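One structure is given below, encoded as structure tokens.
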Amino acid sequence: MSNPTDVARAASQPCDASTTTRTLDLTTADASLTGLAAGVYELMHSGTGFAVAAFAATTSMPPASGAAEVACVPVPPGGVVTLVVAAGATLHARILAGTAALYVVRKVLA
């Protein structure tokens, strides 16, 4: 899904019968989903704490000082983030405090 037009279409497409969802339980330890198919995904965060997701080896929380950059995508409490995933990717995620579920919704371009 390297064509920007296809990515934009999939991101704006409503969920339909070909939409799939996986759940990733979040704690303060790194959690992962392996073998994600290529496509556009929406990450839906069910919790009340700040979460981060990444395609790196593990997830790291950005430092409070802002002095360093960390390769991650913030997922706000109760929020939704859209990601483009390469084939065979592993998604890592964690939450700052407490527990939550991260719903990983794949939107298939019709």
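Taken together, the values in this text are just the output of simple stated rules run on the coordinates, not laboratory data. Quick caveat, the model's predicted, so the values are computed rather than measured. Note that each Cβ is placed from the backbone with ideal geometry, even for glycine, and that neighbours are counted across all protein chains shown.
Separation between the Ala17 and Thr58 pseudo-spin-labels, each 7 Å from Cα along Cα→Cβ, expressed in nm?
Label-label distance for Ala17 and Thr58, simple model: 4.4 nm.
Which whole-Hz couplings ³J(HN,Hα) result when phi for each residue of region 21-36 is put into the Karplus expression 6.51 cos²θ - 1.76 cosθ + 1.60, θ = phi - 60°, listed in order with x for Gly and Pro?
Values, residue by residue: 9, 10, 10, 10, 6, 9, 9, 6, 8, 4, 10, 8, 10, 9, x, 5 Hz.
If you average the alpha carbon positions of region 48-110 and of region 23-45, how far apart do those two centres end up, in angstrom?
Cα centroid to Cα centroid, the span is 8 Å.
Fewest first, what order do Thr34, Thr59, Thr82, Thr23 take by the number of other Cβ atoms within 10 Å?
Fewest-to-most ranking of Thr34, Thr59, Thr82, Thr23: Thr34, Thr23, Thr82, Thr59.
For Cα pairs less than 8 Å apart in space and 6+ apart in sequence, what is the mean separation divided by the residue count of region 38-110, i.e. the relative contact order in percent?
Contact order relative to length: 53 percent.
Place a point 7 Å from the Cα of Ala71 along the Cα-to-Cβ direction; which residues of region 14-34 have their backbone N under 19 Å from it?
30-34
Please report Leu33, Leu96, Leu43 as a ranked list, fewest other C-beta atoms within 10 angstrom at the top and most at the bottom.
In order of increasing Cβ crowding within 10 Å: Leu96, Leu33, Leu43.
Per 0.36 nm of contour for each residue apart, how much would the distance between Tyr103 and Thr27 grow if the chain were fully extended, relative to their Cα-Cα spacing?
Using 0.36 nm per residue and subtracting the Cα-Cα distance, I get 26.0 nm.
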